[in-house]
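The values are calculated or read from the model by the stated rules, or taken from the named source; none is laboratory data. Treat the numbers as computed from the prediction; the structure is a model and nothing was measured. Positions of Cβ are backbone-derived with ideal geometry, glycine not excepted, and every protein chain shown enters the neighbour counts. Areas reflect the complete protein model, heavy atoms only, side chains present, ligands, DNA and RNA absent. Shrake-Rupley method; radii C 1.70, N 1.55, O 1.52, S 1.80 Å.
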Amino acid sequence: MIKKILIIDDSPIARKMLKSCLPKDKGYELCEAADGEEGIRKYLEFVPDLTFMDLTMPKLDGYQAIDAIRKLDKDAIIVVSTADIQRESMSRVINAGVFSVLRKPMKSKFVQEILIRVEAEKKKRAGGE
Amino acid sequence: MGDEHEYIFSDEEKDILQEIMNIAFGSASADLGDVIDIYVELSTPDIQVLDVGDIPSYLIERMHFRQKETSIVAQNFWGDFKGSGILVLPNKAGRNLITVLDDDQAGLDTEPIAGQEREVLMEVGNILIGACVGKVCELLETFVTYTPPRVIHDSGNEYDSFVKSFDPSQAAIIMETVFKFQKVDINGLLFIFTNQEAIEWLRKALHNFMESYE
């Protein structure tokens, strides 16, 4: 089950938009980071079940943060939430092994679809163990 | 620079506008990539409120940030959201971009090189400015009409008259994105600025945009 969600995005507005798309009745524990560097630190401290990751960020961008997190935890479930929808950017993140990509601006319907898919993936993994 | 206008927009309103510009420029870059085979490295946009009278010196300072001589593509737009889009590229950009466009637009070969450069700059400017302003309008639920794009080189009188064309009595909101065309190693700047007439509308539109996320 998803209990803990980490949101890594330099924009406080983007974080607010994403949080508003999450169902309120699930009692998710949320943690936020404003750049890739802080995101990696928070990932280690918070150990999320799901991480939402922006790509264009100061200090350490999303591509670098995805690589770093996947080196720390090869099973990390990372969903990229980005405005950069260029083909090359999409293929870079998919090759990096992210779970899915959400296009900004966030829409509740798509965020909730992702949550259902992540739940299913976690069940599948737990069943395989 | 523009201290009395600093509080026209709250920090939250600037943050909303920054995120909207981020989404709009990401979308515009993807549109450009559909037309020509190019990848745009993006950065986080910056939002500033300035006196219109300070725009010329601001542009000069920002344009010379990375290169001495620049080419500018300017396009005005009208509607609830009213202002100008300005794409700033180094002078060599048009020539370098021709090599990228060459496969797609073989007809350019028949034109003199200066004409080709102008065409390429106008094409790229038209796509980036149009798609970016268009996406801002889509998100803020309005529409605008555009003037045709025009290319201005900073080495002549046209540049001087361009920077003197701003009405210094008003405030302007500048949305700025620094980017890099990776394939041809060109850095550029995209500014969208809107003047005082559109500011009240813009503030309301930003709040309406965020309402569905409250």
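For residue B:148, which of the numbered conditions (1) touching a residue at least 24 places away in the same chain (Cβ under 8 Å); (2) part of a helix (DSSP H, G or I) fails to hold?
For residue B:148, the failing item is (2).
Conditions (1) open to solvent by 10 Å² or more (accessible area, probe 1.4 Å); (2) under 22 Å from residue B:47 (Cβ atoms), marked per residue:
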site: A:1; (1), (2): yes, no
site: A:5; (1), (2): no, no
site: A:10; (1), (2): yes, yes
site: A:15; (1), (2): yes, yes
site: A:39; (1), (2): no, no
site: A:47; (1), (2): yes, no
site: A:61; (1), (2): yes, yes
site: A:66; (1), (2): no, no
site: A:70; (1), (2): yes, no
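Which one of these is modelled with pLDDT of 85 or more, open to solvent by 70 Å² or more (accessible area, probe 1.4 Å) and in a helix (DSSP H, G or I): B:138, B:123?
The unique qualifying residue is B:138.
Across the stretch B:7-32, which residue is farthest from the chain's Cα centre (by Cα) among those that are at the interface with another protein chain (Cβ under 7 Å from one of its Cβ atoms) and acidic (Asp, Glu)?
Looking at residues that are at the interface with another protein chain (Cβ under 7 Å from one of its Cβ atoms) and acidic (Asp, Glu), I get B:15.
Checking the structure you have, find out if any residue of the stretch B:107-117 is open to solvent by less than 40 Å² (accessible area, probe 1.4 Å) and either modelled with pLDDT of 90 or more or more than 18 Å from residue B:184 (Cβ to Cβ) (or both).
Checked against the condition, which is being open to solvent by less than 40 Å² (accessible area, probe 1.4 Å) and either modelled with pLDDT of 90 or more or more than 18 Å from residue B:184 (Cβ to Cβ) (or both), the stretch B:107-117 yields at least one hit.
Which pairs do you get when a residue that is in contact (Cβ under 8 Å) with a residue 40 or more places away in the chain and on the phi < 0 side of the Ramachandran plot, found in the stretch B:31-58, comes within reach of a residue that is part of a loop (DSSP other than H, G, I, E, B) and among the basic types (Lys, Arg), reach meaning Cβ atoms under 9 angstrom, with the pair 6+ apart or on two chains?
So the pair list comes out as B:37/B:183; B:38/B:183; B:39/B:183; B:56/B:164.
For residues that are of a type in the set (Ser, Thr, Tyr) and surrounded by 16 or more Cβ atoms within 10 Å (Cβ to Cβ), scanning just the stretch A:77-123, find the one that is farthest from the other protein chains (Cβ to nearest Cβ).
Within the stretch A:77-123, the match that is farthest from the other protein chains (Cβ to nearest Cβ) is A:100.
Taking the condition of being without any contact (Cβ under 8 Å) to a residue 40 or more places away in the chain, within 25 Å of residue B:29 (Cβ to Cβ) and of a type outside the set (A, V, I, L, M, F, W, C), how many residues in the stretch A:57-78 meet it?
Count: 5.
Kindly indicate the residue of the stretch B:33-47 that is more than 7 Å from chain A (Cβ to nearest Cβ) and within 14 Å of the chain's Cα centre (by Cα) and also farthest from residue A:81 (Cα to Cα) among those meeting that condition.
Out of the qualifying residues, it is B:47.
In the stretch B:191-209, which residues are within 14 Å of chain A (Cβ to nearest Cβ) and surrounded by fewer than 19 Cβ atoms within 10 Å (Cβ to Cβ)?
B:207, B:208, listed by residue number.
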